[in-house]
Amino acid sequence: MDDLFGDDPPAEPRREELGEGAVLLRGRALTDEAALLDGLEAVIAEAPFRHMVTPGGFEMSVAMSNCGPFGWVTDRRGYRYQAEDPLSGKPWPEMPDVFRDLAEGAAVEAGYPGFTPDACLINCYQPGARMSLHQDKDEHDFVHPIVSVSLGLAAMFQFGGMKRSDPVRRIPLLHGDVVVWGGPSRLFYHGVLALKDGNHPKLGARRINLTFRRAQ
Ligand code: MD3
Ligand code: FE
């Protein structure tokens with residue numbers, strides 16, 4: 001009866017092929033939970049979460065920050081990766097070793113050896129926050145996978161195809177889940193439904209998603 005929240009690290013992360021190069025490693029981040037949360041706190045102390053504005057002038061409901069050599073930003077001028085945090089004018093915080101090691105290790109396990117992220121986008125969802133269907137196309141070369149790590153409240157992820165109008169599957173992403181998106185899935189439309197209210201024992205009423213990318 002110790003594992004009331006069902007979030008103890010599994011002996012063996014459960015592996016699920018979501019199809020077309022996408023591999024879900026359920027619970028893969030749980031063994032590093034404490035170090036990941038420490039790293040997150042250190043990054044956010046230097047580069048706080050902020051709601052960025054899209055080129056169309058809408059404030060995103062998801063609050064964001066970054067760490068590593070490059071960070072993804074949006075403003076009225078467009079979407080891009082840049083080396084400086086626009087809030088401070090300074091480089092983004094260093095990517096904690098535990099972040100990089102987790103992303104690289106998960107990529108190897110999913111069949112993408114040699115992935116070395118140079119950007120980590122950190123998304124913070126509060127209840128009601130969502131991300132509408134989109135493709136990730138601001139990176140230099142789509143041969144590299146994207147590794148995502150979910151922490152905190154569970155979210156309903158939407159996973160479509162190459163066209164916005166393709167049918168979408170709904171996949172719940174839970175605290176500790178890691179997904180490696182490579183191959184054809186790298187350019188599939190995806191999004192996150194509005195976060196439901198709740199309280200996570202470690203993160204409160206929030207969901208944090210780390211996405212590791214090769215921007216350049
Ligand atoms: C599938 N983030 O930051 S992570 C994003 O949960 C983003 O915060 C979502 O989409 C989130 O761009 C989803 C899962 C994910 C990330 C990137 C992908 C799935 C992906 C890129 C291509 C295909
Ligand atoms: Fe995305």
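The values are calculated or read from the model by the stated rules, or taken from the named source; none is laboratory data. Worth saying up front: this structure is predicted, and the values here are computed from it rather than measured. Here the Cβ is made from the backbone with ideal geometry for all residues, glycine too, and neighbour counts use every protein chain on show.
Values computed for the structure shown
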quantity: Cross-chain or 6+ apart pairs with Cβ under 9 Å, region 199-212 first and basic (Lys, Arg), then part of a strand (DSSP E or B) and surrounded by fewer than 20 Cβ atoms within 10 Å (Cβ to Cβ); calculated: Arg206/His200; Arg207/His200
quantity: Residues (over 16 Å from the mean Cα position of the chain (by Cα) and among the aliphatic types (A, V, I, L, M)) located in region 48-64; calculated: Met52, Val53
quantity: Strands (runs of 3 or more DSSP E) completely within region 99-216 that count 1 or more residues being away from ligand 2 (no atom under 14 Å from the Cβ) and on the phi > 0 side of the Ramachandran plot; calculated: 146-152
quantity: Single unsatisfied condition, Arg77 versus (1) surrounded by fewer than 17 Cβ atoms within 10 Å (Cβ to Cβ); (2) under 25 Å from Asp166 (Cβ atoms); (3) charged (D, E, K, R); calculated: (2)
quantity: Conditions (1) part of a loop (DSSP other than H, G, I, E, B); (2) in contact with a strand residue (DSSP E or B) (Cβ under 7 Å, 6 or more places away or on another chain); number of the one not met by Ser65; calculated: (1)
quantity: In region 141-166, residue farthest from Asp32 (Cα to Cα) [restricted to those that are among the polar types (S, T, N, Q) and surrounded by 16 or more Cβ atoms within 10 Å (Cβ to Cβ)]; calculated: Gln158
quantity: Residue count, region 166-194 (criterion: hydroxyl-bearing (Ser, Thr, Tyr) and closer than 18 Å to Arg26 by Cβ); calculated: 1
quantity: Flag if Val192 is touching a strand residue (DSSP E or B) at 6+ places or on another chain (Cβ under 6 Å), over 19 Å from Pro117 (Cβ atoms), near ligand 1 (Cβ under 10 Å from one of its atoms) and modelled with pLDDT of 95 or more; calculated: yes
